[in-house]
Amino acid sequence: MSLDEYPTDLELEHIAKWPAVTVDNGPADWHDFMAEVRALWWAADWGWKRKGNAYWISTGGWSGNESLINAMQENFLFWSMCWDSSRRGGHYKFVINNVRKAGRKPKENQ
């Protein structure tokens, strides 16, 4: 994050290009992705809530948070797999359903 607390272009690109698979070809852990976004989120203590696999985030009208939402939308696989809903005022809900269980290896030839 830059000194003025806005995400940098490099940070936004990192979010937009987050890989959908891990180095061992397993599915991405989108919770790790959301942790990266939260680390860049302005006023996360107010505009960010997680319960289990569901996240409710609000931009608070702040353009830096809206830039993060745009970067998240650019990540096609994340958005198509995890976006649940949005409503006027910059409120979004994401649900992560493809969590790989610890210790389980991805199945071969799928």
Return the only residue of T22, T8 being in contact with a Ser or Thr (Cβ under 7 Å, 6 or more places away or on another chain) and either β-branched (V, I, T) or surrounded by fewer than 11 Cβ atoms within 10 Å (Cβ to Cβ) (or both). T8
Answer yes or no as to whether W41 is under 18 Å from H91 (Cα atoms), under 11 Å from the mean Cα position of the chain (by Cα) and in contact (Cβ under 8 Å) with a residue 12 or more places away in the chain. yes
Looking for something farther than 21 Å from W42 by Cα and modelled with pLDDT under 95 - is there at least one such residue anywhere in region 82-97? yes
Among the residues listed as A43, A71, the single one being surrounded by 15 or more Cβ atoms within 10 Å (Cβ to Cβ) and among the aliphatic types (A, V, I, L, M): A71
Give me the pairs, please: first residue somewhere in region 3-29 and within 20 Å of A44 (Cβ to Cβ) and modelled with pLDDT of 80 or more, second residue anywhere and of a type in the set (V, I, T) and assigned to a loop (DSSP other than H, G, I, E, B), beta-carbon distance under 9 Å, and either six or more positions apart or on two chains. D29/T22; D29/I96; D29/V99
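The values are calculated or read from the model by the stated rules, or taken from the named source; none is laboratory data. Please read these numbers as outputs of a predicted model, since none were measured by experiment. Counting neighbours? That spans all protein chains shown, and the Cβs are built from the backbone with ideal geometry, glycine included.
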